[in-house]
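**Student:** Handing you a structure now.
The values are calculated or read from the model by the stated rules, or taken from the named source; none is laboratory data. Just so it is clear, the structure is predicted and the values come from calculations on it, not from any experiment. Glycine also receives a Cβ, built like all others from the backbone with ideal geometry; neighbour counts cover every protein chain displayed. For accessibility, only protein heavy atoms count, side chains too; no ligands or nucleic acids. Shrake-Rupley method; radii C 1.70, N 1.55, O 1.52, S 1.80 Å.
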Amino acid sequence: MADPPSTGPNWRDWIPVLSFAVVIAGVLIAGGGYISELRDNARRIHDLEQRVELLRSIDTRTARIEAKLEVLVPEKGDRP
């Protein structure tokens, strides 16, 4: 006697669904990596901008100190 035909879906019927799920998972993983990379780059740019501002303030302070030293300690040729 032959087995009666099954009424439920065969495992082969799920192949398109599973392949679509794998593609969607890959897109989500790749997209998440891209978003994470954008966040890291934004953080690095912010850190660099902070360092540039710090260097500018150091340059300004150094220029002020040099100006004060020029007033307080004249050049060797300027001494009487």
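**Student:** Under 6 Å between Cβ atoms, which residue pairs at least 6 apart in sequence (or on different chains) link something in segment 23-34 that is part of a helix (DSSP H, G or I) with a partner that is basic (K, R)?
**Tutor:** Between residues of segment 23-34 that are part of a helix (DSSP H, G or I) and residues that are basic (K, R), there is no close pair.
**Student:** Which of the residues spanning segment 7-33 are open to solvent by 100 Å² or more (accessible area, probe 1.4 Å) and at pLDDT below 75?
**Tutor:** Within segment 7-33, T7 is the sole residue that qualifies.
Let's see how each residue does on (1) under 15 Å from the mean Cα position of the chain (by Cα); (2) modelled with pLDDT under 90:
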residue: R39; (1), (2): yes, no
residue: L54; (1), (2): no, no
residue: T60; (1), (2): no, no
residue: L72; (1), (2): no, yes
